[in-house]
Structure formats: structure tokens, C-alpha cells
Amino acid sequence: MTKKQVAKIVVFILIVSWLLVHVTYCIRTNGDVKDRFVGFYSEKNNTIDAVMIGSSPVYPCISNPMIYGDMGITMYPLASNMQRPVATKYLVEEVLKTQTPDLFIFEMRMWTAEDENLLGNMAHTREVTDNLKYSINRIKAINAMVEDPSERLSYYFDIFKYHSNWKTLALWSQLRTFMYEYPDEYKGFVPFSTVGPAPKTDNAAITDREPIPAEQEEYLTDLLTYLKEKNLNALFVITPYDVQEDEQKKINYISDIVTAAGYNFLDMDQYVDEIGLDYDVDFKDYGTHTNIVGAYKVTKFFEEYLQENYVDKGVLGDHRGDSKYKSWDNAYKLWLDAYETGSAEVIYNAENKIYYDLEEGE
């Protein structure tokens with residue numbers, strides 16, 4: 001075989017491999033998590049001021065389009081359902097490939113749970129690994145999240161998982177992800193208008209401490225060390241929810257570790273009165289996630305916190321009026337429309353006791 005023939009074979013293999021990767025991107029199951037990650041990859045380099053990493057409470061609770069419209073801060077959530085803490089450092093690594101955020105924000109609810117209790121549905125692991133672009137960092141994330149090496153092949157090459165979705169290539173919603181870059185119109189935020197009342201307890205007032213699971217404390221210590229080494233600014237938060245006694249004790253324990261390392265910790269359950277949270281109206285599903293009315297209240301409170309702790313101290317700036325951020329202006333307009341419509345729906349549902357159906361997810 002001549003050198004020319006070998007070169008042709010190599011080029012052919014490279015082209016087929018490239019196509020295989022991008023077809024895989026297209027046939028990955030669509031949904032708001034995929035849209036969020038694809039949207040992140042589409043953002044212009046070095047235009048994101050803050051990135052929020054965590055599980056499902058993140059994307060319906062903090063309205064980043066609202067924060068931009070009110071403050072000019074670009075904040076993007078890399079959140080997925082039941083996101084395991086082990087994924088956190090690899091998501092930070094992924095962010096740093098294209099962005100230089102002035103602030104990383106970590107939502108910490110999942111850090112109170114034992115990892116084995118988060119493994120029941122491996123779809124949640126895949127919501128991280130299968131929504132990352134192919135890279136060395138993705139391989140590292142898979143190795144960290146999938147303990148059994150014999151199970152990793154279908155994670156490395158997720159086309160094995162999604163090959164039956166080939167018919168979805170005819171859908172624009174899938175085809176547009178060929179490069180795994182397509183703008184998310186709400187910048188990762190998801191508006192909900194359902195209502196699920198929750199009891200308001202005094203659990204947030206508990207001051208006792210209880211250690212978090214050993215594996216989560218190890219991940220937290222590793223993350224804090226990593227942040228120090230990279231000289232990254234970070235804020236750790238708990239978004240409002242129906243916190244249980246044991247969870248609050250563990251949250252207090254996390255707070256001690258984080259503040260001892262020199263980072264801010266904001267437990268919003270300590271400020272529900274200041275937020276003005278109405279437990280009969282502002283949750284979408286009985287105390288776990290906020291609806292759009294709750295999101296407005298939480299975001300308004302969070303804006304005040306950001307102003308005092310990061311804007312006034314020169315950490316975060318204002319990009320309003322900059323032509324590079326027109327897509328954020330559009331996202332803010334969409335937010336305003338969504339809030340007008342969604343808040344009316346929330347009020348109607350609350351007044352008429354039309355509540356979220358846990359079984360149907362509606």
C-alpha cells in the first residue's frame with residue numbers, strides 16, 4: 001500500500017469519525033437539558049459573567065434573563081436533573097474552555113444526599129455526560145461518574161444509546177444541534193406556571209450540624225482546592241424549598257466548610273420572609289421547585305445580594321447597551337412576556353386550586 005493510499009484511508013476515517021460525532025449530537029434525546037447545554041456552547045467566548053451549576057432547582061428558580069434586564073449581568077445555568085456533585089468540577093472545566101466567568105455559583109441541595117441514592121436513574125448521569133461535547137474532559141467526567149468500567153463504553157460512544165433516534169434527524173430541533181451549538185432563547189431558564197402548595201415549616205431555623213455523606217465531603221474538599229488553585233471566585237447557595245430537618249443540619253455543615261475556605265454561602269431558606277415567598281402559590285410542585293411567580297421573587301432577592309456582594313465590590317459589571325449582548329436583550333423581552341402570561345396563570349391556578357399532578361407531571 002502506497003503512502004497516498006494510506007493518507008486517503010486516514011482522511012476517510014477522520015471524515016467518518018467527525019460525521020459520526022455530529023450525527024450523535026443530533027440524535028441525542030432532545031429536551032430542556034439538551035437545549036440548555038447546546039445554548040451554553042453557542043454563547044460567544046468570554047461573554048458570560050457568572051455560571052450557576054447544580055440540579056433541577058436552578059433553572060426554574062433564578063431568572064437569568066431578568067438579572068440581565070435589571071442589572072446587565074450575564075448568568076448562565078449549567079443545570080440538570082438530580083445532578084450529582086461528582087460532576088461539578090468537570091462542568092467547571094467545561095465552562096473554562098470558552099468562558100472566563102467572574103463568578104461560579106453552586107446550588108448545594110444535592111450535596112446532602114448519599115451518592116448511591118442518586119444512582120437509581122442513570123438517565124440523570126447521562127444528562128451530564130451525554131450533553132457535553134466530545135472531549136478529554138468528557139471522558140474524565142464519565143470515568144468519575146460511572147464506577148464500573150465495563151459500563152462506560154455506551155457513555156463514551158453514546159450513539160449506542162441513541163441510535164434508534166435516527167428518524168429524529170428530520171426534525172429541525174435535532175438537526176440544528178449538528179455542531180452542538182444553538183442559542184437557547186431563555187438562556188437556560190425554564191418558566192413554569194403550575195402550582196403545588198407546600199407547608200411552611202421552621203426547619204430552616206435549626207442550627208445543629210450533621211456531616212454530609214463522606215463521598216460528598218470529599219468532592220466538596222476537592223472542589224474547594226480546585227477553585228483555590230484556579231483562583232476562581234465562587235458563591236455557594238441553597239435555593240428556597242421545603243427543607244427537612246436532617247437536610248438543614250447538613251446544609252449548616254456545608255456552610256461551615258465553605259465559609260472556612262473563604263467563600264460566601266447563601267442559604268435562601270433563611271430569608272423566605274424577606275423574599276416574600278408564599279408557600280401556597282410560589283412553588284410549582286409542592287416545595288421542590290418554584291414557578292415563575294416564585295422565580296421573580298427569588299431573583300429579585302438574589303439581585304440585591306449580588307449587588308451588595310459582587311457588583312458594588314467591582315466583581316460583576318453591566319453589559320446593557322453593548323451590541324455584543326443583543327441576544328440577552330431579546331431574552332429579557334421574552335422573560336417579560338413569559339412573566340406577564342405565566343403569573344396570571346399561576347394566580348388563576350392558585351385561586352381555583354388547580355394543582356400540579358405529580359403522577360402526570362402537569
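The values are calculated or read from the model by the stated rules, or taken from the named source; none is laboratory data. Note that the structure is a prediction, hence the values are computed from the model and not measured. All Cβ positions, even for glycine, are placed from backbone atoms using ideal geometry, and neighbour counts span all protein chains on display. What goes into the accessible areas is simple: the full protein's heavy atoms, side chains included, and nothing from ligands, DNA or RNA. Shrake-Rupley method; radii C 1.70, N 1.55, O 1.52, S 1.80 Å.
Observations, loosely collected:
- Selection status of T207, of a type in the set (V, I, T), modelled with pLDDT of 95 or more and not in a loop (DSSP other than H, G, I, E, B): no
- The residues of segment 117-148 that are touching a residue at least 60 places away in the same chain (Cβ under 8 Å) and not aliphatic (A, V, I, L, M), listed by number, are E127, D130, N131, K133, Y134.
- Only one entry of I257, I238, I251 meets the criterion of being open to solvent by 30 Å² or more (accessible area, probe 1.4 Å), closer than 20 Å to R109 by Cβ and β-branched (V, I, T), and that entry is I257.
- Identification of helices (runs of 4 or more DSSP H) wholly contained in segment 260-362 with 2 or more residues that are of a type in the set (K, R) yields 292-306, 326-351.
- Candidate set: segment 224-235, residues that are outside any helix (DSSP H, G or I) and polar (S, T, N, Q); chosen: the one most open to solvent (accessible area, probe 1.4 Å): N231
- Residue match in segment 201-210 (condition: under 30 Å from Y348 (Cα atoms) and open to solvent by less than 40 Å² (accessible area, probe 1.4 Å)): yes
- Among the candidates Y325, Y348, Y296, Y310, the residue that is of a type in the set (S, T, Y), at pLDDT 95 or above and more than 23 Å from V190 (Cβ to Cβ) is uniquely Y310.
- Single residue of segment 313-352 satisfying the filter (touching a residue at least 24 places away in the same chain (Cβ under 8 Å) and polar (S, T, N, Q)) that is farthest from T290 (Cα to Cα): S327
- The single condition from (1) more than 22 Å from F157 (Cα to Cα); (2) in contact (Cβ under 8 Å) with a residue 24 or more places away in the chain; (3) surrounded by fewer than 24 Cβ atoms within 10 Å (Cβ to Cβ) that G54 fails is (3).
- Criterion: touching a Leu at 6+ places or on another chain (Cβ under 7 Å), closer than 23 Å to F106 by Cα and either at pLDDT 95 or above or open to solvent by 20 Å² or more (accessible area, probe 1.4 Å) (or both) - qualifying residue of N291, N264: N264
- So P85, is it open to solvent by less than 10 Å² (accessible area, probe 1.4 Å) and touching a residue at least 40 places away in the same chain (Cβ under 8 Å): yes
- Residues within segment 159-170 that are touching a residue at least 60 places away in the same chain (Cβ under 8 Å), surrounded by fewer than 16 Cβ atoms within 10 Å (Cβ to Cβ) and not aromatic (F, W, Y), tallied: 2
- Some residue of segment 150-170 being at pLDDT 95 or above and touching a Leu at 6+ places or on another chain (Cβ under 7 Å): no
- Whichever residue in segment 267-288 is closer than 21 Å to M110 by Cα and aromatic (F, W, Y) and, among such residues, is surrounded by the most Cβ atoms within 10 Å (Cβ to Cβ): F283
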